[in-house]
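Structure first, commentary second.
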Amino acid sequence: MKILLPLIFLASFGAHAGFDEKVAASFAAKYHVCAKRLDNNGMPLRSLKLRAKSKEITREKIGDGYLIHFDKEKKKAWKLSLNKCKKLADKL
């Protein structure tokens, strides 16, 4: 029991994302979802740029807290309009 309690504490502490991980997850989720939407609407080059940027952010910030927040933000990102997705791709 004495060993189990600190392990549970460390596991729960590691699952929380910091501010920088939350911001990175938000942008990566937007880029990921917009890449799918643009690819489905016949814009493969814009989609490719967004997909590459999303993978780059994910490689830099991967962790338990990041992945949890990434999934939450991905659900919110589906509400973005197609025009906003185009603007995101053009800014890169």
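What follows draws every value from the coordinates through simple rules; no lab data is involved. Nothing here was measured: the structure is a model prediction, and the numbers come from that model.
Extension gain, Lys72 to Leu45, is 7.1 nm, computed as 0.36 nm per intervening residue step minus the present C-alpha separation. Working note: Karplus 6.51/-1.76/1.60 with θ = phi - 60° gives region 31-43 the couplings 5, 5, 5, 5, 4, 5, 5, 5, 5, 5, 9, x, 10 Hz, where Gly and Pro are set to x.
Length gain on complete extension for the stretch Asp20 to Ser81, per 0.36 nm per residue less the alpha carbon to alpha carbon distance? If you can, show how the numbers build up before the last one.
On the way: separation 61, 0.36 × 61 = 21.96 nm, distance 2.53 nm.
Length gained between Asp20 and Ser81: 19.4 nm.
Ignoring aspartates and glutamates fewer than eight residues from Lys36 along the same chain, the ones with Cα atoms less than 20 angstrom from its Cα are Glu56, Asp71, Glu73, Asp90.
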